[in-house]
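The values are calculated or read from the model by the stated rules, or taken from the named source; none is laboratory data. All values derive from a computational prediction rather than experimental measurement. So basically every Cβ, Gly included, is an ideal-geometry build from the backbone, and we count neighbours across all protein chains shown. Remember, those area values only see protein heavy atoms, side chains included, never the ligands or the DNA or RNA. Shrake-Rupley method; radii C 1.70, N 1.55, O 1.52, S 1.80 Å.
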Amino acid sequence: MSFSEYFTNESRKQHINLSTAAWNTVEDDICSFYPPEDHSRNYSGFFNRIFRNWIGTSPANLSARLEDKKKEYRLLMKEKPFINMKETEREDLFLRLCDMYLKEISKELLLFPKGEGRKIHLNKKTCEYLLHFSDDSPECRIYRKPGIYLKAVFETYCRLPYIEREKIFFSDLFETIRNALNLHLPMQIRTTGGKTFSFLPFGTGTDANSNYHYLIGLSRPISSSGTDIQEPGEYRCASFRISRIESIRNEYGKKAKLTPHQRSFIEKEIAEKGIPFLLNDTAEIRVRLSEEGVKKYNTLLHLRPKYTSRTDDNIYTFHITPMQAEFYFFKFGSDAEILQPTGLRETFRRGYEKAFHRYAGDREESAGPLKIEV
């Protein structure tokens, strides 16, 4: 029976049952990947986007996986001892190998635990994809129902590491970036904060612990009217977290191939500052850690800066950006004391004072930003 037998409503609604862990991942990704004002920030918009971007490489795509394996088996059949077999015997072996492979890869895809079922609105392209399967396709024979097939697609997505899911969700942005790099095109980038930048791309990369993807290159801001805020030559080394980019427009009428000097400069900045903090200037930062603070430093790896020296009484010296120091050490609380620079020490003092008033029930709050997202 084909999947078309199960589509009986014009609204294209589909019941999908996912495990609790998968639903938690879906909700986390919706919050992480969409800006709050995005009209497609809902289950249906998310599922249709992931299906479009993931289905080609998903393990749940049995037809694609089987075709890859068939090519491998066909090459194998041209080697000894298979070449000496009768053609009918060889074809029979080929079909049995394909059948064994299909049964093996489909085992785990049918064992995902049940959880909560919800109705999802499938868009036209997703429905057309599901309806193209014939009765004898691996999908219809193994999954039998479109809901079971969709469960396998999304359960396999939800079991990927965050950084791989991020790349799937933003695959259109990555494709735009690849085109710009291949054709040496400048870009215009609009961030989720509403700012626009002229950008000369260097490439993409991740932070030291491979938590997030970043677009790296040379950047300068553009005014809302589209004119340059700065002089044409005043580009700065910059990185934009992919999930903080609202849109990218490649400027196909122009060329922007980075010079060897520019590439060398960007590589030096990455080595000195780290990919997430390229826009900020480095400074000498001294931090005194308590014994508990030393333990935290040795175990909290996300965006952990490398120290250039340390003393016997646990005073660490770093050559990093103040932004990285604030993001990393603020969560240490009393286990990290900023000694210098004085401006950063004051930022920490005001931040902790603000938190104290919040928890003490005092509505009076100190001025100054607290949270930094990178």
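Scan (1) more than 19 Å from LEU344 (Cα to Cα); (2) touching a residue at least 24 places away in the same chain (Cβ under 8 Å); (3) of a type outside the set (Phe, Trp, Tyr); (4) open to solvent by 60 Å² or more (accessible area, probe 1.4 Å) for the single condition GLU284 breaks and write down its number.
Result: GLU284 fails condition (1) only.
Tell me the residue from LEU181, LEU150 that is of a type outside the set (Lys, Arg) and buried (at least 20 other Cβ atoms within 10 Å of the Cβ), please.
Just a single option satisfies the conditions, and that option is LEU150.
If you check ILE50, ILE16, which single one turns out to be within 16 Å of GLU166 (Cβ to Cβ) and buried (at least 18 other Cβ atoms within 10 Å of the Cβ)?
ILE50
Residues ARG263, ARG350: which one is more than 30 Å from SER198 (Cα to Cα) and open to solvent by 60 Å² or more (accessible area, probe 1.4 Å)?
ARG350
Tell me which of these ALA60 doesn't satisfy, since it passes every other one: (1) surrounded by 12 or more Cβ atoms within 10 Å (Cβ to Cβ); (2) under 18 Å from the mean Cα position of the chain (by Cα).
Unmet condition: (2).
Scan segment 106-118 residue by residue and report those that are within 26 Å of the chain's Cα centre (by Cα) and open to solvent by 80 Å² or more (accessible area, probe 1.4 Å).
Answer for segment 106-118, where residues must be within 26 Å of the chain's Cα centre (by Cα) and open to solvent by 80 Å² or more (accessible area, probe 1.4 Å): GLU108, GLU116.
Those residues that are assigned to a loop (DSSP other than H, G, I, E, B) and either in contact with a Leu (Cβ under 6 Å, 6 or more places away or on another chain) or of a type outside the set (Ser, Thr, Tyr) (or both), I need them from segment 253-285; list them, please.
We begin by selecting, within segment 253-285, every residue assigned to a loop (DSSP other than H, G, I, E, B); these are 253-259, 274, 278-282.
GLY253, LYS254, LYS255, ALA256, LYS257, LEU258, GLY274, LEU278, LEU279, ASN280, ASP281, listed by residue number.
Hey, among the residues in segment 297-320 that are in contact with a helix residue (DSSP H, G or I) (Cβ under 9 Å, 6 or more places away or on another chain) and open to solvent by less than 30 Å² (accessible area, probe 1.4 Å), which one's modelled with the lowest pLDDT?
So the residue we want is LEU303.
Going by what's in this entry, would VAL294 be described as in a strand (DSSP E or B) and either open to solvent by less than 10 Å² (accessible area, probe 1.4 Å) or over 30 Å from GLU234 (Cβ atoms) (or both)?
no
Residue-by-condition table, conditions (1) surrounded by 15 or more Cβ atoms within 10 Å (Cβ to Cβ); (2) within 26 Å of the chain's Cα centre (by Cα):
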{"residue": "LEU122", "(1), (2)": "yes, yes"}
{"residue": "HIS132", "(1), (2)": "no, no"}
{"residue": "PRO146", "(1), (2)": "yes, no"}
{"residue": "ARG159", "(1), (2)": "yes, yes"}
{"residue": "SER171", "(1), (2)": "yes, yes"}
{"residue": "PHE174", "(1), (2)": "yes, yes"}
{"residue": "THR192", "(1), (2)": "yes, yes"}
{"residue": "PHE197", "(1), (2)": "yes, yes"}
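Looking only at residues in segment 144-175 that are at pLDDT below 95 and not in a helix (DSSP H, G or I), which one is nearest to LYS107 (Cα to Cα)?
Residue satisfying both the conditions and the ranking: ARG144.
All but one of (1) at pLDDT below 90; (2) of a type outside the set (A, V, I, L, M, F, W, C); (3) more than 32 Å from the chain's Cα centre (by Cα) hold for GLY343; state the number of the condition that does not hold.
Only one criterion is unmet by GLY343, namely (1).
For segment 118-141, how many residues are under 22 Å from LYS103 (Cα atoms) and β-branched (Val, Ile, Thr)?
Matching residues across segment 118-141 total 0.
If we keep just the residues of segment 190-211 that are in contact (Cβ under 8 Å) with a residue 60 or more places away in the chain, not in a loop (DSSP other than H, G, I, E, B) and not small (Gly, Ala, Ser), which is farthest from ILE248 (Cα to Cα)?
THR206
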